[in-house]
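Heads up, the thing below is written out as structure tokens.
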4 protein chains.
Amino acid sequence: MLRFLTAGESHGKALVGIIEGLPAGLHISVDEINRDLRARQGGYGRGARMQVIEEDTVEIVSGVMRGKTIGSPVSLLVKNKDWQLRNEDQLAGITVPRPGHADLGGAVKYGLQDIREVSERASARETAIRTAIGSVAKQLLGEFGMTLLGWVLEIGGIRCGPVPLDLQDLRNAVDQSPLRCADPSVEKPMMDAIDKAKAEGDTLGGVFAVLAHGVPCGLGSYVHWDRRLDGLLAQALLSIPSVKGMEFGEAFANSAKPGSSVHDEILYDGVFRRKTNRAGGVEGGVSTGEAILVKAAVKPLPTLKKPLNSVDIYTKVPVVAHYQRSDVCVVPAASVVGEAVVAWVLACAFCERFGRDELSRMKEGFQASLDRDPFTERLE
Amino acid sequence: MLRFLTAGESHGKALVGIIEGLPAGLHISVDEINRDLRARQGGYGRGARMQVIEEDTVEIVSGVMRGKTIGSPVSLLVKNKDWQLRNEDQLAGITVPRPGHADLGGAVKYGLQDIREVSERASARETAIRTAIGSVAKQLLGEFGMTLLGWVLEIGGIRCGPVPLDLQDLRNAVDQSPLRCADPSVEKPMMDAIDKAKAEGDTLGGVFAVLAHGVPCGLGSYVHWDRRLDGLLAQALLSIPSVKGMEFGEAFANSAKPGSSVHDEILYDGVFRRKTNRAGGVEGGVSTGEAILVKAAVKPLPTLKKPLNSVDIYTKVPVVAHYQRSDVCVVPAASVVGEAVVAWVLACAFCERFGRDELSRMKEGFQASLDRDPFTERLE
Amino acid sequence: MLRFLTAGESHGKALVGIIEGLPAGLHISVDEINRDLRARQGGYGRGARMQVIEEDTVEIVSGVMRGKTIGSPVSLLVKNKDWQLRNEDQLAGITVPRPGHADLGGAVKYGLQDIREVSERASARETAIRTAIGSVAKQLLGEFGMTLLGWVLEIGGIRCGPVPLDLQDLRNAVDQSPLRCADPSVEKPMMDAIDKAKAEGDTLGGVFAVLAHGVPCGLGSYVHWDRRLDGLLAQALLSIPSVKGMEFGEAFANSAKPGSSVHDEILYDGVFRRKTNRAGGVEGGVSTGEAILVKAAVKPLPTLKKPLNSVDIYTKVPVVAHYQRSDVCVVPAASVVGEAVVAWVLACAFCERFGRDELSRMKEGFQASLDRDPFTERLE
Amino acid sequence: MLRFLTAGESHGKALVGIIEGLPAGLHISVDEINRDLRARQGGYGRGARMQVIEEDTVEIVSGVMRGKTIGSPVSLLVKNKDWQLRNEDQLAGITVPRPGHADLGGAVKYGLQDIREVSERASARETAIRTAIGSVAKQLLGEFGMTLLGWVLEIGGIRCGPVPLDLQDLRNAVDQSPLRCADPSVEKPMMDAIDKAKAEGDTLGGVFAVLAHGVPCGLGSYVHWDRRLDGLLAQALLSIPSVKGMEFGEAFANSAKPGSSVHDEILYDGVFRRKTNRAGGVEGGVSTGEAILVKAAVKPLPTLKKPLNSVDIYTKVPVVAHYQRSDVCVVPAASVVGEAVVAWVLACAFCERFGRDELSRMKEGFQASLDRDPFTERLE
């Protein structure tokens, strides 16, 4: 079982992550992790803090020797460049919970007297370390020919038109877009919408997609509910702050269609293939061999300059919620985090199927699975 | 940690479930479980088998003495009234995987030579035992004033209009509907659509909702991604066969709106409340104290009389997929399963917060949490 | 991750077990499981109930088709031939906890008012289903050339002398002994001691060993504490009722010796071997490739005809503990259970290293690991 | 579920630990952690490196605000003062596995070409961070009146005589002893034995004890094997490098005695008590309310100046094992680690029973459990 823990507050010293269970022999590129951290920090509509922090960079503290994993836990550190909690004792307590945040629920749950003690951890800042961890997962998947891409489909109700079908073209389009949006024709309207929301003290949400290409058939399982790949991916996506819904492919639209136009017929041309991929790459909790395609609905950020009504938790007097300098739109960033968490789930499922002690042995087993037809012998 | 395992094939002897970690002192009503099993089997559009099996009933094998749990694992048995695998050796092997099922992925994963060895477990028959387990979870939640209801919002693109706001009215409407649909005005069109699909050898999907009423604030947590209540609920829903998407409240629609019209302002009238519940009862991974409301997109069943193209796994010759007597529409049944899996997740989160050794002690702790304001003391 | 849950009370309807995560394609012999169940019930010194129940037999409810596993959860049922709880309501409550049992701790923990509600589950009867589960694990290990044997080293202070070094000779000696003791010269004294204890209303404990032969090098891991094979084996052994201590090889005796006479020098004769096996087959949490040898200290049973002082939990009046018809010595039975739990731990560790989807693929990977020298290439 | 992960190599930058699931509101003293780290580094018989590193100190990176936990993961850093892997590329590879270490098994498992890649993580250096984590667990337990002490019973076959019965006296004796040995009369002989072993290039093992005082009745459970407190403690102890055996109380000696002299009769004097504590504080997998007392057998260190025979993994030529500057006797240090790991297991079991969201609420529940007799009402 591959597993990880993260720690760290938004304005604390650093974010920390430990990954346990990686195979030995995996080359880990710090540059690639930093590239993903940078992608997460970008995107039109990010607030001032992202510019202050400028550039997150990761430090690998353990688990790597001579550039490669050795089977031992890999620990990662992302320092906070604006470590404010240094003087935490002098910070005034916050007593008004912000709607749309964990503020009230968290304070009730943990009996916390200063809402800052909730928001410091509940902050989406934590996704920086998860992005770093997902980046390591992507590097593992990359050894087996899998590639992932997260990008923006919709912002503030403005939806992309058709995007490049070729993965490399799609990636280029996404990388060049300030919004990680693959349809240049909607970029200007999206940015205008963000500017307008900003001017009005408002925020915008949207929808992002994550595509995982090259995923072999047979990851996940139908044999027990908690091993289903669809469930695991759903959990991962909904664990991203602000994500409130998800679907495989066009699941909501497909639920209105007859079965005859929803399923993916099976072909054989040397390998088993599908005529279509409406299932989004998972059937019965198991990967089909087609690309995994998931979409996630991101709510508009709840930290508004045009503030929402709330109540002081002590005095019970109605007041407006505290405004903390914030972003207007984080859908592009969320798509990067989405890519990371999908990578993590796939890496777990891949290691479960192909082993996790040693990369070279995993490669042998994987290659063997590609080289042979599992159904060569006739049914007895 | 509350946990369970299930076992059992669709046409095997029985489905088996073991629940470990229930508090002692919980009265378990077999009748209530059977009522849920019956609800799962009903619904306009179910096929012949549901009538053959007629009525699933549960047998509690262990963990209950004098009607109450004793802290020990509770095991449940649901016998298959049409145990066909009795003569499994005489059954011909199936060699053509059905699109939309785990057939191909499962056979590849486990190296199975007869697709029946996949489909027997991947079948939605397994949800009968999960429904029973969820029913136990609901009985636990019921001790703390929580009630759950799953119902149908949409079938074949036909969508409910406004439904009763009062929970009891809603429940009555759902219980009286052959489609578990709370809007009588769409029942006839939905049934017509099902009849038409049946006549055409086709199937229909739809959307269901699950509402959990009375859930206290503070279940789940933002402190680690895998403890978020939203992620856990998403996993549970997506682990139901045929469910391909989910959202909290109107998450997809809300993702197109500005933040100022999406969040739920905080009031205080003796307790903290919300003016609206657009979040569907979860903020930042933690329950808000408002009702949990989730929706799930159910794909139309992939077992079609109008068969889909596939390939024989041995000969590689294109053939049409095997048709097994099946249902036309399972959205009503899925809504019952949805209720069960949501109950399970909430029971786990509730036990994590309020303990799980003994029901009476849990009640004391829960009552104490209701009786006091956690913020009585001023911030130091 | 291989996992299982068990359920069932001592005098309830049945014991139930579900194993999740077994590879597909494993032939499971019900006869072998029944043989192990029989071995567990035997042994000089067992009480009357064992004769009443006579012979536990297992029923496989699911997860096996045509004699082989299919990847789905395997569920097992062992019916209780003297199902007394049928009329549980008429049974008088027990209010005096027996020293040496979970009675008092269990009643306090779960708030139980009748100690029977503790003892029904805390009873060693539960080890019957664990023996069945361990028997399945042994069958899996057997596919890879591993064999296990549990036997008695000491009863009531009477210790075996030298036993056969050859595994088959050892197994024969154990199978022929009414005490599962491999040294015929101590059998008579042991049986005399048991007779004497019985006559005095007393009980006897002892020490058993479990040997696992053919375990490949590299199971378990040092990279994280909870993956160490030594820790996992220790937990498994101490989870057997009445086991209160364990050691690898002669660990307690070795702790008094200098390092130069405790460690196992490394040789090479085509494969890496050890000159000795004082480590009991595990170094640094990883299997060495030598046989795993563990020993466990079994306390004398606490259910004595010569009763111990206790207190009524309601009246607080001192009384002597309830005597339930019981055994005089269960060390032989415990050695069978020990064999089972060690098999389980090794099966988990083996599957972790060599996969768990499909037996034939596991065999290929295992054979490849035997066929090659992992160190053929020179250090760069 | 309380959980932690650790990372870090022996000569890497730092050891890292993340604890997830601690209650909010726990004051954490860095000084106390450092005191435990110091205790672990001490002990007559430690080698030169301990003096080089001088004094491990912990840095809390996250999870604590204003000195108290906030429910968020607590991350800990212990820097290595002699970070040698800084120039890892220039270090020559090690090709001769040392008997008694994970060297060979680890290299085989992970396919590592340089044994240093095993030994850096398999090193007992990792126990520094586990000691820090256990220290946090002790601080949590301390809030509920529990205190723990690990000390040395035996070194090189020289065994303590009677030790102070009073916990504070015992602690004083242990703290003042260079060997953490509570019987001053054996200190000199022990130190002489260590000196002699050192002079001979040999090493010494021994036995340590851990006592946990004030543990309430009802921690752990008999209802499922993997929840038994005895099994969990056994795993924790055997996961300490060099520990090869363990027992509760005098389990091995008791296994030779009749039942009538092994069990602990139950008294009542306002609370339930035991006349003796031969069980070592656990019956049937549940804490009895008496002190937990466990003992562990520590093997003599395998890194000997008088080297053991081994084989070069590449050339297969017999050579003597690499000698790395090392300690002669680590039993005192192991007793500190033992205290830490026992604390961890007890903290988990305590949180499972009394909750883990908020310290003040846990205290209320705990106090309530002390204040009332769970058996006040008569059996219906």
What does the average come to when, for each residue of peptide C:268-278, you count the partner chain Cβ atoms lying within 10 Å of its Cβ? 3
7 Å along Cα→Cβ for the label point: how many nanometres lie between A:Lys68 and each equivalent label in the other copies, listed shortest first? 3.6, 5.0, 6.1
Using a Gaussian network for chain A with springs between C-alpha atoms less than 10 Å apart, which of these wobbles most: A:Leu229, A:Leu165, A:Leu112? A:Leu165
Using heavy-atom solvent-accessible surface (probe 1.4 Å) with all chains present, what is the largest-first order of A:Lys306, D:Lys188? D:Lys188, A:Lys306
Need one value: the accessible area of B:Glu352 in square angstrom, 1.4 angstrom probe, rounded to the nearest 10. 60 Å²
Euclidean distance of C-alpha centroids, the range D:229-271 and the range A:19-36, integer Å: 44 Å
Out of C:Cys181, C:Cys351, C:Cys329, any idea which swings most in a Gaussian network model of chain C, alpha carbons joined below 10 Å? C:Cys351
What are the ³J(HN,Hα) couplings of the range A:104-117, residue after residue, when phi is run through the Karplus curve with 6.51, -1.76, 1.60 and θ = phi - 60°? Round to Hz, x for glycine and proline. 6, x, x, 5, 5, 4, 9, x, 7, 9, 10, 5, 4, 5
Rounded to the nearest 500, the 222 nm mean residue ellipticity computed for the protein assembly as shown from DSSP H runs (n ≥ 4, each -39500 (n - 2.57)) alone is -10000 deg cm²/dmol
Quick one: angle between helix B:127-142 and the longest Cα principal axis of chain B, in degrees between 0 and 90, rounded to 10, please. 10 degrees
Mind checking D:13-19 for the average number of partner chain beta-carbons within 10 Å of each residue's beta-carbon? 6
Listed residue (C:Pro97, C:Val331, C:Leu211) projecting farthest to the positive dipole end of chain C, Cβ model: C:Pro97
In a GNM of chain C with a 10 Å cut-off on Cα contacts, which of C:Arg40, C:Arg227, C:Arg66 has the highest mean-square fluctuation? C:Arg66
Determine the gain in length on full extension of the stretch C:Arg35-C:Asp195; use 0.36 nm per residue of separation and subtract their C-alpha separation, reporting nm with one decimal. 55.0 nm
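With the Cα gyration tensor of the protein assembly as shown in hand, convert its eigenvalues to equivalent ellipsoid semi-axes via √(5λ) and list them largest first in whole Å.
Over the Cα atoms of the protein assembly as shown, the semi-axes work out to 48, 37, 34 Å.
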One decimal, nm, nearest first: from C:Lys196 to the same residue in each other copy, label points 7 Å out along Cα→Cβ, the values are 3.8, 9.1, 9.7
Sorted by chain and number, the residues with a modelled amide H under 5 Å from that of B:Asp264, at a separation of 5 or more or across chains, are A:Gly100
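Provide the buried accessible surface between chains B and A in square angstrom, both chains summed, 1.4 Å probe, rounded to the nearest 100.
9100 Å²
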Listed pairs B:Lys196/B:Lys305; B:Lys13/B:Lys138; A:Lys244/B:Lys244; A:Lys244/B:Lys257; B:Lys81/B:Lys198; D:Lys275/D:Lys299 exceeding 22 Å between Cα atoms: B:Lys13/B:Lys138; B:Lys81/B:Lys198; D:Lys275/D:Lys299
Would you kindly find the accessible area of A:Glu200, with a 1.4 Å probe and non-protein molecules such as ligands, DNA and RNA excluded, rounding to the nearest 10 Å²? 90 Å²
Just to confirm my numbers, what's the Cα centroid distance between the range D:173-188 and the range C:283-317 in Å? 31 Å
Assign unit charges at the C-beta atoms only (+1 for Lys and Arg, -1 for Asp and Glu), then state the dipole size of the range A:3-358 relative to its Cα centre in Debye, rounded to the nearest 20. 460 debye
Quick one: accessible surface of B:Trp344, probe radius 1.4 Å, all protein chains present, in square angstrom to the nearest 10. 20 Å²
How much accessible area per residue does the protein assembly as shown have, counting only protein heavy atoms and a probe of 1.4 Å, in square angstrom? 32 Å²
Taking only protein heavy atoms and a 1.4 Å probe, the highest-to-lowest accessible-area order of C:Thr69, B:Thr376 is B:Thr376, C:Thr69
Which distance in nm do the two modelled labels at B:Val163 and C:Glu364 give, with both placed 7 Å along the Cα-to-Cβ direction? 4.9 nm
If the viscosity is 1.567 mPa s and the temperature 4 °C, what translational diffusion coefficient in µm²/s does Stokes-Einstein give for chain C when Rh comes from Kirkwood over Cα pairs? 58 µm²/s
Eligible aspartates and glutamates near A:Lys316 by straight Cα distance, threshold 12 Å, same-chain separation 8 or greater: B:Asp269, B:Asp373
Angle check, please: helix B:229-238 long axis (alpha carbons) against the longest principal axis of chain B (alpha carbons), in degrees 0 to 90, nearest 10. 20 degrees
Enumerate the calculated ³J(HN,Hα) couplings along the range C:9-18 in order (Karplus 6.51 cos²θ - 1.76 cosθ + 1.60, θ = phi - 60°), each rounded to whole Hz, writing x wherever the residue is Gly or Pro. 9, 4, 10, x, 5, 6, 9, 10, x, 10
Considering only the label points, 7 Å along Cα→Cβ from Cα, what distances in nm to one decimal separate A:Ala368 from the same position in each other copy, shortest first? 0.5, 5.7, 5.7
Would you mind giving the mean number of other chain beta-carbons within 10 Å of the Cβ of each residue in C:69-81, as a whole number? 6
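The values are calculated or read from the model by the stated rules, or taken from the named source; none is laboratory data. The model shown is predicted, which means the values in this text are computed figures rather than measured ones. Counting neighbours? That spans all protein chains shown, and the Cβs are built from the backbone with ideal geometry, glycine included. Heavy atoms of the whole protein, side chains included, go into the accessibility calculation; ligands, DNA and RNA do not. Shrake-Rupley method; radii C 1.70, N 1.55, O 1.52, S 1.80 Å.
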